[in-house]
Structure formats: structure tokens, C-alpha cells
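Chemist: The structure that follows is given in the form of C-alpha cells.
Every number in this text was worked out from the coordinates using simple rules, so none of it is lab data. Just so you know, these numbers come straight off a predicted model, no measurement behind them. A quick note on method: Cβ atoms are made from the backbone with ideal geometry, for glycine too, and the neighbour counts reach across all protein chains shown.
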Amino acid sequence: MAWHDTYLSTVLAPDYAYARAHLLPHLFDALSAHAWMLDTLGVAGAANALTLLRELRGQPFPAYDPNIEDVFFTLDRQLSSRDAQAAGALRTALSRNDLDMTIYRLSARTRLMRATLRLLTLRLTLLDLAEREKDTLIVAYTHHQPAQPTTLAHYLCGLENVLARDVERLFSALGRLNLCPMGAVALGGTSFPIDRDLTATLLGFDRPIENTYDAVSTSDWQVELAGSVTTAATTLSRAVHDLLFWASRGLISLADGLVQGSSVMPQKRNPVALEHARTKLSKAIGACGSIVLSAHNVPFGDINDPGPDMQPPLHTMWQEFGEAVDLLTVTLLSPGINRQQWQAEAEGGEAAVTELADALTRSAQTEGGQGGFREAHAAIKALLARLHEQGRKLGQVEGADLEAVGVNLPETVWRSALDPAQFVARRTTYGGPAPETMTGHLRFTRQRLTTDSESYDEATNRFAAARAALEGAGKPSETAALD
């Protein structure tokens, strides 16, 4: 059958180019595992099919031929030209339906592991920076207004906390992704006595998908991946917003290789790495939307929407997300931190005033008074109103100002309460920013990161061992990957 030129140029040629560039290793993996499994069943020609696949894997793959539909049939022709029996054996109990879905899962598994490694690296970078900035005062904002003093380490560890959950989400998604469709054939399985468990093991999957219709029809795992990436990208985009805000005020600065000058303004040091990270996160989220919509309101069966047509947006999602994480990581390796300006903002504003209300509440409770935090809050609000009316700053407050609003505290107490460093030092409860609390939290987060990194290494080594076995010359009984 001759394909229409429009179909060739808009579908078959782009699909071939994408598969040739990104999916060939997984195609060879899946077919090699299938051949290996058939050989254990005694299917004539299967052993030679495995040998030929290993040889062809290392050779340049043919360029697109409009007379051949896709990479599978291109490889099929290569095999049949060398050994017709081997090519015929490989087609036993095999459809492009289960083969394609296996390839897509193998590709997604590889990309998921790369994204996980990137997030692990970013988490380490955040913790290293937090370790250096445990005593760096900053003013935290709520509703775009100065709120309370905290430390840069407190902020960074808060972000790392979320990324730890993102890694947890990816590990969890991996458990539902890492299931093997091979052996489902078109959708109804096969009458040949194949060993689906062996094929799954050879490919490093946890197990076969237990329903053959599900195996070739589902797209839930792709939508779940899009959801996990959307969640992480959304969090990181908020961090980029903060970093750009701080950079615009000179509170942080980026290393020379991450800023761009101006063709007309000599003073400019534009933090373009962060702008590009923000754009890439937006594009990743956009690709995630494409993935969800491709799987929406379509039949539950083998169709192109969640199959080959979904692979380019998946590729875009992983690439844009990964590059954004890389940009953020290098940005946070050694940024300039203007500690003096941050401290001046904390000391010159009103961010610490909550502690004055706390001190007043404690004083009332100690002296057996009836006032609680509600009354203390009102008194401090009245104090601020008095200062604002007189055009004075909180740092200019005097004892008479406190007495005028009914606040009777020793000067040492109220001055200590208005000290941003003391504000932070008193926040020693679980999760708080006090340096001593942060020291314990950093120990915990580093151990958590170590545990996650070990889980990553274990999975990566397992997948690498499976591929090494398929690429090698061993038989199932000789392969440690199957133990």
C-alpha cells in the first residue's frame, strides 16, 4: 500500500524520526527479552533472533524509507534479510500493540530516573546552601507584604521538604509505571504458552500487567507522571518567583555565567538563568496539559492518542522540566547573599513585632492578669498606629510609646522582643527557624536524602543490569539480573 504524501509527512516520517532518535534502545530491549523468553520455550529461531538483535543494536539504524511504515518493520526487514526463521520466530505472540506500550514504559522509566536524580541533586544543593545560611536573617512575606523574620536556611529547607515529597511521588509513580505489557499481544493475549513473568524480569519490570486489555489500553501511568511533574514544576516556579524578587532588590546575585548584560546599560546584571528556568517550567506544565488532554475522552483501547502521539509531549515535559531543575541547581550552588541588606531590612521594619505581643502575653500570664494574646495584639496594633501617625519607625519606639497604649514591660524585655535575631532564636519548636532547631532538621533532611539516593541507586542498578544482560551474550540461567 502506498501512503498518502500528507500522511507520510505529517505522521509517519515524524514518528520514525522520533523513534529513531529516542526509542531504539528500548525497542531492542523489548524484542531481545521477547526472543530470550521464546528461546527458553524452545521456539526454533528465537536464539538466533536474540543474537541478531544484539548485533544490529550496535549498528547505525537505517534512515527513513517511505515504503516501510515504522522502525519495527524496518528492523523486521533487517532480521528477515539475515535469517527468515529468526524473524518469523520473533513475531510469535507479539504485536506492535504490546511492544509499543512496553517501549513507552521503558522510555518513561529512564526519563523518570533522570528527573529523580536531578531533584536529588537540587535537594543536596539546597541543603548545602542552607547549612551555610543558618544564621542569615531574612524577612518572610505573606500576601506580598513583610510578615516575620526567619532565616534563609528555614526557607531553603522548606523548599527541600516539598522536593522530598516530589521525589516520593516519582518513586511511587515508578511502582505503577514499572509493569510489563509484553505478552498482551493485540489485547487478548495469545494461545502460545509464553512466560510473561520471565519477559518482565528480563526487562527489569516488577511484574506483568495482570490484564492484557489493560496492558495495551491504559494511559493512567502517563497522566500520573504528568501530574507529578506538574506538582514539582509548580513548586519550583514559586521558588523562582522568590529568587527573582530577591535578585531585583539586590538581596541575592547570580554568578557571572548565569547573568546577562545589556547592549546599552553597562550596569545591568540580568538574572536570565532564572527567567529561562521559569519559562521551561511553564513549558513543562503546558506539555503536561497536552498529555492529559491526549488521554481524555478517547476509547479505552489501543489508539494513537495516548500511544505514539503522546510521546513528543512526554519528551518535552521531561526535557523542559529537567533543564529547569538544572538551571535552578547551578543558580543555587554559590549565589551572592547580601546578608547585611537582609539584616537591615529585618531590623528596620516591623517584622518582629509579633514577638512583642507574645512578650506582653507572657507578662500578663506570669503576673496573673486577665489579658491574653487578643488583648496584646490590639495593644501592639495601637502602638503601630501611634508611630505611623507621628511618622516614626518601630526602631524609634521609646518606653513612653508603650506606656501610652498600656504596655508595661521592662525595657530589656521589649527591646529584646523587637530584635529580629532574638525573634528567630526563640522559635525553637519543631520545624522552627532557630539555628539550633535548624541544625537538627538539617541532620534529618540529609539522612532522608541519603535514604532516597540509596533507593535511586538500587533501582538504577537493577535497570542497568537488565539492559546489560540483554545486550550481552548470556542465557537466562546464566544471568545474575534474574536472581
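Chemist: Once you order the gyration tensor axes a ≥ b ≥ c over the Cα atoms, which shape class does region 1-55 get: rounded for a/c under 1.5, otherwise prolate or oblate by comparing a/b with b/c?
Modeler: prolate
Chemist: For A464 and A13, FRET efficiency with R0 = 30 Å and r from the beta-carbon atoms, rounded to 0.05?
Modeler: Working from the Cβ atoms, E equals 0.40.
Chemist: Return, ordered by residue number, the residues of region 139-172 whose backbone nitrogen is under 13 Å from a label point located 7 Å along Cα→Cβ of F444.
Modeler: Once the point is set 7 Å along Cα→Cβ of F444, 157-158, 161-162 turn out to lie under 13 Å by backbone N, inside region 139-172.
Chemist: When the expected Rg is taken as 2.2 N^0.38 Å, what fraction or multiple of it is the alpha-carbon Rg of region 348-448?
Modeler: With N residues counted in region 348-448, Rg over 2.2 N^0.38 Å equals 1.25.
Chemist: Placing unit charges on C-beta atoms (Lys and Arg positive, Asp and Glu negative, everything else neutral), compute the dipole magnitude of region 27-99 about its Cα centre in debye, rounded to 20.
Modeler: 120
Chemist: Work out the FRET efficiency for E436 and K393 from their Cβ-Cβ distance, taking R0 = 30 Å, and round it to the nearest 0.05. Write down the numbers at each step before the final one.
Modeler: On the way: r = 30 Å, r/R0 = 1.02.
Efficiency, rounded to the nearest 0.05: 0.50.
Chemist: OK, next. Once every DSSP H run of n ≥ 4 in the chain is given -39500 (n - 2.57) and the sum is divided by its residues, what mean residue ellipticity at 222 nm do you get, rounded to the nearest 500 deg cm²/dmol?
Modeler: -21000 deg cm²/dmol
Chemist: For region 261-328, build the convex hull from the C-alpha positions and give me its volume per residue in Å³.
Modeler: 87
Chemist: For region 75-139, state what percent of all Cα-Cα pairs lands in each successive 10 Å bin, counting from 0 Å until the bin that includes the largest distance.
Modeler: Histogramming region 75-139 at 10 Å steps yields 17, 21, 19, 14, 12, 9, 7, 1 percent.
Chemist: Another question, if that's okay. Based on a Kirkwood Rh over C-alpha pairs, give the Stokes-Einstein translational diffusion coefficient of region 181-331 at 10 °C and viscosity 1.306 mPa s in µm²/s.
Modeler: Answer, rounded: 87 µm²/s.
Chemist: Same structure, new question: Rank-order 316-328, 18-30, 48-60, 297-309 by packing density, defined as the average count of other C-beta atoms within 10 Å over each peptide's residues, highest first.
Modeler: Ranking, from highest mean packing down: 316-328, 18-30, 48-60, 297-309.
Chemist: Same structure, new question: Per 0.36 nm of contour for each residue apart, how much would the distance between R374 and S334 grow if the chain were fully extended, relative to their Cα-Cα spacing?
Modeler: 10.0 nm
Chemist: Going Cα to Cα from K381, which lysines come in below 28 Å? Please leave out same-chain ones fewer than 8 positions away.
Modeler: Those lysines meeting the cut-off are K393.
Chemist: Okay, next question. Quick check: from the Cα gyration tensor, does region 420-476 come out rounded (a/c under 1.5), prolate or oblate?
Modeler: Since a/c reaches 1.5 and a/b is larger than b/c, the shape of region 420-476 is classed as prolate.
Chemist: Roughly how many nanometres apart are two label points built 7 Å out from the Cα toward the Cβ at R82 and L24?
Modeler: Once both label points are built, they end up 1.4 nm from each other.
Chemist: May I pose another question? Can you compute the label reach from Y141? Point 7 Å from Cα along the Cβ direction, backbone N cut-off under 15 Å, restricted to region 241-268.
Modeler: Counting only backbone N, you get 241-252.
Chemist: Take every Cα-Cα distance within region 23-95, group them into 10 Å bins from 0 onward, and report for each bin the whole-number percent of pairs it holds.
Modeler: 21, 57, 20, 2
Chemist: If you don't mind, there's one more thing I want to ask. Could you tell me the convex hull volume per residue, in Å³, taken over the Cα atoms of region 278-406?
Modeler: About 244 Å³ per residue, rounded to a whole number.
Chemist: Taking 7 Å along the Cα-to-C-beta vector as the label spot, tell me the S172-D457 distance in nanometres, rounded to one decimal.
Modeler: The answer from the label model is 2.6 nm.
Chemist: If you take the square roots of the eigenvalues of the alpha-carbon gyration tensor of the chain and sort them as a ≥ b ≥ c, do you get rounded (a/c under 1.5), prolate (a/b over b/c) or oblate?
Modeler: prolate
Chemist: Report the net charge of residues surrounding H388, where surrounding means a beta-carbon distance below 11 angstrom and charges are Lys +1, Arg +1, Asp -1, Glu -1.
Modeler: My count for the surroundings of H388 gives +2.
Chemist: How high is the relative contact order of the chain, in percent, with contacts defined as C-alpha pairs under 8 Å that are six or more residues apart?
Modeler: Details: 630 pairs, mean separation 84.8, N = 483.
In percent, rounded to a whole number, it is 18.
Chemist: A follow-up question, please. Please report the relative contact order for region 208-290, taking Cα pairs under 8 Å with a sequence separation of at least 6, and give it as a percent rounded to a whole number.
Modeler: This gives 36 percent for region 208-290.
Chemist: Rounded to the nearest 20 debye, what is the charge dipole size of the chain about its Cα centre when +1 sits on each Lys and Arg Cβ and -1 on each Asp and Glu Cβ? Let's see the in-between values first.
Modeler: Values: 43 positive and 56 negative charges, 129 e Å.
Here the chain has a charge dipole of around 620 debye.
Chemist: Extension gain R132-D309, at 0.36 nm per residue separation less the Cα-Cα distance, in nm?
Modeler: 59.0 nm
Chemist: Hey, with R₀ at 35 Å, roughly what FRET efficiency would F73 and L293 work out to, going by the Cβ-Cβ distance, to 0.05?
Modeler: According to the calculation, E is roughly 0.75.
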